Amino acid sequence: MRSTLLHRIAALAIAAPRRIVAAAAVLMAAAAVFGIPVANSLTAGGFQDPTSESARATGILAETFGRGDLQLVFTLTGPDPAAAPPARQIVERLESDPNVVDVVSAWTSPPQAAAALRSEDGATGLIIAELLGGEDEAPQTARALAEDVEATIVAGLEGVEVSAGGSAMVYAQINSQTQRDVLLMEAIAIPLSFLVLVWVFKGLPAAALPVAVGALAIVGSMSVLRLIALGADVSIFALNLTTALGLALAIDYTLLIVSRFRDEVAAGAERERALITTMITAGRTVAFSALTVALSMAAMVLFPMYFLKSFAYAGVATVALCAVAAIVVTPAAIMLLGDRLDAMDVRRLLRRRPEPTEVQQRFWYRSTKFVTRRAVAVALAGTAALLCLGLPFLRVQWGLPDERVLPSTASAHQVGDALRTRFSDNSEAAITVVVPDAAGLSPRDFEDYALAASRIADVSTVSAPSGTYAGGARVGPPSGAAATADGAAFLTVGSTAAVFSEASENQLDELRALAGPGGRDVAVTGIAQVKRDSVAAIGARLPLVLGIIAAITFVLLFALTGSVVLPIKALILNVLSLTAAFGALVWIFQEGHLGAFGTTPTGTLVANMPVLLFCIAFGLSMDYEVFILARIREFWLAGGRTRADNDESVALGLAHTGRVVTAAALIMSISFGALIAAQVSFMRMFGLGLTLAVLVDATLVRMVLLPAFMHLMGRWNWWAPAALTRRPPGRHAARN
């Protein structure tokens, strides 16, 4: 953002602060009315690559055979005679719904099929309904049906326990739980953040400023998400990011502006002149920081899964609105408050000794000098420590979210546990083989394929149009789990292998190695194939995304500093700052240490989450990098540009920004730490990962490793090829 524009914004804030604040209040009210109901327009899915083989197979099943890709599963536990009447009533209720395409149960299916729908101890039976509507409508259908069954059939039953689960119910309960989690997160983050803000911003009026800026950005982002949801799928989990990021960045940006304004006033500048200088310096830093963070998050739109795209939408909207609100509303509020900006400073009541007036006496100046005197040892020790903390990530195993992401009290979680532990065949782990071109195939072609598939390890049955097969033999007639229509066909392969296990992967490999019926091409779907396709899609696009993020970071930091060395150093430090968080994800949530933070460990990580964490945390790391480097650069330009000046510039820059960055990181960690209270496990994982990344970056990396590396590089920090060297746009006197 050009200094002339920032100068004009400052001038406008000086001339008409009331109008700016009033206009912002009106916009916030309008955005709140439109944006707050956004949760009703969002979905809980988006983990599948819509261009993949599994998605193509699912599309054929829906369009050609009218098959639903989500299930509603009821478990009925009790004496068989007592369970049979309510079971048949539930089946009749499900079959009467136009959104239900097929229903099978242990009480109404043929004997052979019914046996697979009973638990090994015979005490529990299943009712499985396939639903139309995909991730948008099927969860709503599942919730409505489950509530109806609970109210009209289950109520009053004695001796029979009925629970609702299945993939459709998982999505429905995730949606409901996420909306509750957002409210809980706000209830935790906002009061705690405000208490810290009162201390950091030195008074109640100043502390209310970032809350107002954050609220404006949050409701504005919700409005943007609702608009996008009118024409595209948007994940409900993006709301968590909008709330946490909006409050965190609002605090970062307003704290930087207010702190710089106070520094200018303390140095003797008139309030109007101080505000103009603040906007040209700190305002420029906010603009650069926001642009860097937003573009880093925008790179996620290149992934095909709308789960990641949704975080790109939410991230870019939140960052942009935070920056605009901070740059436009904050200076107006500063002028409107006047001397009241520093009113009601509770610190005066508790302060035992005055803060040091000389910059050389400040903690961050002295700590930086200590680090630079021991730069080699500090750099080696810090780098080694972070790399060691990241080692568990080398053991990462990928998966997709299932019912275990919900709390153990959720009915979908309980049904999933029952399917895994009490039934020999988990219907949701089945693999579906679609033959898009089956015209001209004979029953013998399907029989040969089914016989071969039934011999694969951990395959329980293969349901083909020509019959049902197990162990290399025909064991029954054709079932509803296989069909031919309009020149296409599909077969269902039952599996006893645990989902995402090595046995499941081997089974899928062997199945895919088989030639299709009659040598025809096949398309495979099912949870194992969906996971494989999703991981492949992420892996295929990850180099491009990382390359774009690195290029954006390099260009913007070069524009800020005029150096090609500092951007490279920033990229290295940013990656180092994430190693501890990535290692913690595997050690805690995949391997189950520390009680998996109250979640159910599955032995895998959701494949989208590390990518999401990297893009967001990398951008936030640049937030602090820009804050610090911008101030260091001011002192470097004002000095003699010797090696000693480099060290002094680093010390002075950190002395002026260390408190701001530390306070901002503390409050940001509260915002992201509130996500740990989420009951959806991968959002809890996301909250812990971001909290660790922010704290490690703002302390060990920015305050220890950064000065150590900058000391070791000396004057080379500021080197650039002559062809790229240009005169700085302006030298603003840096005051000690």
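The values are calculated or read from the model by the stated rules, or taken from the named source; none is laboratory data. In this text the structure is predicted, and so the values were computed from the model without any measurement. With ideal geometry, Cβ positions are generated from the backbone for all residues, glycine too; neighbour counts draw on all protein chains shown. Calculation scope for accessible area: heavy atoms of the full protein, side chains included, ligands and nucleic acids excluded. Shrake-Rupley method; radii C 1.70, N 1.55, O 1.52, S 1.80 Å.
Listed values, structure above:
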read-out: Relative contact order (percent, whole number), segment 422-469, Cα cutoff 8 Å, 6+ residue spacing; value: 30
read-out: For segment 101-145 and segment 55-76, distance of Cα centres in Å; value: 12
read-out: Whole-number percent relative contact order across segment 1-114, with pairs defined as alpha carbons under 8 Å at least 6 apart; value: 12
read-out: Most to least packed among 273-281, 638-646, 531-539 [average Cβ atoms within 10 Å]; value: 273-281, 531-539, 638-646
read-out: Nonlocal amide H pairs with Thr468, under 5 Å, H built at 1.01 Å; value: Val475, Gly476
read-out: Apportionment of accessible area to carbon and sulfur, the chain, percent (1.4 Å); value: 61
read-out: Per-peptide average of other Cβ atoms within 10 Å, ordering 480-486, 200-206, 647-653 highest first; value: 647-653, 200-206, 480-486
read-out: In segment 141-201, GluC sites (Glu not before Pro) in a DSSP loop with at most 15 other beta-carbon atoms within 10 Å; value: Glu158
read-out: Distance between modelled label sites at Ala30 and Ala485, nm, 7 Å Cα→Cβ extension; value: 4.9
read-out: Contour minus Cα-Cα distance for Glu150 and Ala114 (0.36 nm per residue); value: 10.6 nm
read-out: Percent antiparallel among DSSP beta bridges (both partners in the chain, rounded to 5); value: 95
read-out: Rel. contact order, % - alpha carbon contacts under 8 angstrom, at least six apart, the chain; value: 18
read-out: Structure-based [θ]222 nm, the chain - -39500 (n - 2.57) summed over DSSP H runs of at least 4, per residue, nearest 500; value: -20000 deg cm²/dmol
read-out: Solvent-accessible heavy-atom area per residue, rounded to whole Å², over the chain at 1.4 Å; value: 39
read-out: Ala540-Arg455 pseudo-label distance in nm [points 7 Å out on the Cα-to-Cβ vector]; value: 3.3
read-out: Glu63 versus Phe370: modelled label distance in nm, points set 7 Å from Cα along the beta carbon direction; value: 6.7
read-out: Sequence ranges 258-266, 87-95, 438-446, ranked by mean other-Cβ count within 10 angstrom, highest first; value: 258-266, 87-95, 438-446
